[in-house]
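The values are calculated or read from the model by the stated rules, or taken from the named source; none is laboratory data. This one's a predicted model, so the numbers in the text were calculated from it and none came from an experiment. All Cβ positions, glycine included, derive from the backbone under ideal geometry; neighbour counts span all protein chains shown. All accessible areas refer to the heavy atoms of the entire protein, side chains included, with ligands and DNA or RNA removed. Shrake-Rupley method; radii C 1.70, N 1.55, O 1.52, S 1.80 Å.
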Amino acid sequence: MSMKGLKGEIKAVCISEKKGTDKKNIHECEIIEGFGLKNDAHGGNWHRQISLLSYEKIEDFKKRGGEVIDGSFGENLIVSGLDLVNIPIGTRLKINDIVLEVTQIGKECHSHCEIFKKVGDCIMPREGIFAKVISGGIIKEGNIIEII
């Protein structure tokens, strides 16, 4: 079954200025081709320029007692309405003029991040996906994200 044409919504746009710290929701940001989000510590010339996490999975986590806010899992973009972990690697996502290409599904948890220490679980390794920036632009909350 093709996922092409499926759409979701950007719920939060988060960056951190230093690695190993929670990201903060800045609501709007420039996405730079070949880098990631402007001023984000995880941006750079590699395959995990942008991390995406499902809004629904974060809400489930909160219902289980997890006290988290936007950016707590180190995610750049919180997306509602798309089943992120089932999007195949190589799939392209479009937000306005921005095009992202999915490069990785999930990741190994590095020596239990701050979230794991605080809450006893982290959903990023299971539920997060990563992408590189094919073309940049401005992203903000409420934008539509579409599988192309």
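Remarks
- Every condition in (1) closer than 18 Å to I144 by Cβ; (2) open to solvent by 20 Å² or more (accessible area, probe 1.4 Å) is met by L82 except one, and the failing one is (2).
- From the list G137, G71, G128, G90, the lone residue that is touching a strand residue (DSSP E or B) at 6+ places or on another chain (Cβ under 7 Å), at positive phi and buried (at least 18 other Cβ atoms within 10 Å of the Cβ) is G71.
- Note on region 1-31: residues that are open to solvent by 60 Å² or more (accessible area, probe 1.4 Å), part of a strand (DSSP E or B) and either in contact with a Lys or Arg (Cβ under 8 Å, 6 or more places away or on another chain) or more than 17 Å from I123 (Cβ to Cβ) (or both) total 5.
- The criterion of at least 3 residues that are of a type in the set (G, A, S) is met by none of the strands (runs of 3 or more DSSP E) falling completely within region 42-148.
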